[in-house]
1. Examine the stretch 214-226 for a residue that is modelled with pLDDT of 95 or more and over 27 Å from Val293 (Cβ atoms), and state whether such a residue exists.
2. Specify the residue that is surrounded by the most Cβ atoms within 10 Å (Cβ to Cβ); the eligible residues are those in the stretch 265-286 that are touching a Gly at 6+ places or on another chain (Cβ under 9 Å) and not in a loop (DSSP other than H, G, I, E, B).
3. Could you run through the stretch 194-245 and say how many residues are of a type outside the set (A, V, I, L, M, F, W, C), farther than 19 Å from Thr299 by Cβ and crowded, with 18+ Cβ neighbours inside 10 Å?
4. For the stretch 171-193: of the residues being assigned to a loop (DSSP other than H, G, I, E, B) and exposed (fewer than 12 other Cβ atoms within 10 Å of the Cβ), which is nearest to the chain's Cα centre (by Cα)?
5. Pairs under 8 Å by beta carbon, first residue farther than 17 Å from Val35 by Cβ in the stretch 299-321, partner of a type in the set (D, E, K, R) and assigned to a loop (DSSP other than H, G, I, E, B), six or more apart or different chains?
6. Just the residues that are more than 15 Å from the chain's Cα centre (by Cα), part of a helix (DSSP H, G or I) and closer than 23 Å to Thr90 by Cα, please, taken from the stretch 38-68.
7. Does the stretch 312-321 contain any residue that is outside any helix (DSSP H, G or I), aliphatic (A, V, I, L, M) and closer than 20 Å to Met254 by Cβ?
8. Against the condition at pLDDT below 95, more than 14 Å from Leu297 (Cα to Cα), touching a Phe, Trp or Tyr at 6+ places or on another chain (Cβ under 8 Å) and of a type outside the set (S, T, N, Q), how does Tyr33 come out, does it pass?
Amino acid sequence: MPSLAGFFRFQEHRTTLRTELVAGLTTYLTMAYIVFVVPATLGAAGMDQGALIAVTCLVAALSSALMGVGANVPVALAPGLGMSAFFTYTLVLTKGVPWPVALGIGFWAGVLFLVLSLLGAREKLVEAIPPAIVTAIPVGIGLFLLFIGLRNMGVVVANPATLVGLGKFTPPVVISVVGLFVTLALLIRQVQGAILIGIVVATVLAAGAGLVAAPTQLFTSSLRLAPVVFKLDPLGALKWSLIGPIFALFYINMFDSLGTLVACAGEAGLRQPDGKIRGLGRMLNIDAVAAIVSSLLGTSPSTAYIESATGIAAGGRTGLTAVTTALLFVGSLAIIPLIKVVPAYATAPALVIVGLLMISQVRHLDFSKYEDYVPALFTMLLMPFSFSIATGMACGFLSWGIIRLLLLRFRDISAVMYVILALSLVSLLL
């Protein structure tokens, strides 16, 4: 039986057991906030939050272990925040899709991702999308998360005269704002686990103010998974009106995963002389399988987390880093009663922080070409303004295509892009 060093090829990657374990712990501390934020986001769709906490831990553990063992890369996976927001605020709360059907949409998006990966069509689809739109999508999702976070904090509220306005600074809002700025200060000082610490600080302040009840027990005595596991409705998701959302969720997942995997794998020394990432196809296949499993278990599709870069910076070079992170997420199951007492306004600043980090990608846009940055702006701004990631994407694609058609630049639009434009139009019309 091979040793850990032999199985994960320590010598080839010039690493050690201690380095990999420390890197896995570093990644876990950086992304542990998802155990609070993802269940809070999906819970707004009417799902059982206690079960969601357990499933989030299990999906993060299973997906990360699968990536570590199957691809031997130091990249951790977990239910995506952007996809969780799309699931709750676009599908369930805006379109009125029942959450089991929304899980079915996630399932088919994962299947589509896997089929295209296995057929080798993924690369053609990626190449067909305009670079400006590729850059704009994470920025738009960041703006959407920022808006949702501010709303959940109570800083932004509905206003019948101006649509939105500044909320009243009640004790929960003040505590949430304090948590936000504590997190920002920690991030600026590059403290590991800054987002997690901010959530804990806000929760402690809420408890001190008498706004949070003490848990009835400290450790988990049993896991409640039945309310969400295998509750998806894949047949209910097979409707013409839901083709757009399936495509949108697939697209978000694919580019989120692709961008993260390329960035992290490059930092881990997997970039080849020709610029390609060694084993990228296998990583994307595993990511697609993990997305399908996530929907079966009752959460939004999992994706590679950019927080994995912190573990890589700590020296992680093999899949043992991801496996270590996975084991720590399994350990999180023991403290579900403590996690359940965390109020939504304590986790809301995490959405704001993640949104701000995603918005920073706007620096890659070229603002010298109207035909590129105007569709990019439509993509970015219409996500929060329409409260729909799918709508922002569809409007961005269509505006890009319409501008090319009016300029008679038909050769700029590939056959694959014509299909995407048609799907986007159908999505808006339906």
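The values are calculated or read from the model by the stated rules, or taken from the named source; none is laboratory data. What you see is a predicted model, and the numbers here were worked out from it, not measured in a lab. Here the Cβ positions follow ideal geometry from the backbone for every residue, glycine too, while neighbour counts run over all protein chains shown.
1. No - not one qualifying residue is present in the stretch 214-226.
2. Filtering the stretch 265-286 for residues that are touching a Gly at 6+ places or on another chain (Cβ under 9 Å) and not in a loop (DSSP other than H, G, I, E, B), the one surrounded by the most Cβ atoms within 10 Å (Cβ to Cβ) comes out as Met283.
3. Residues flagged as of a type outside the set (A, V, I, L, M, F, W, C), farther than 19 Å from Thr299 by Cβ and crowded, with 18+ Cβ neighbours inside 10 Å within the stretch 194-245 amount to 3.
4. Applying the filter and picking the extreme gives Gln190.
5. Arg317/Arg14; Thr318/Arg9
6. Gly43, Gln49, Gly50, Ala51, Leu52, Ile53, Val55
7. Taking every residue of the stretch 312-321 in turn, none turns out to be outside any helix (DSSP H, G or I), aliphatic (A, V, I, L, M) and closer than 20 Å to Met254 by Cβ.
8. no
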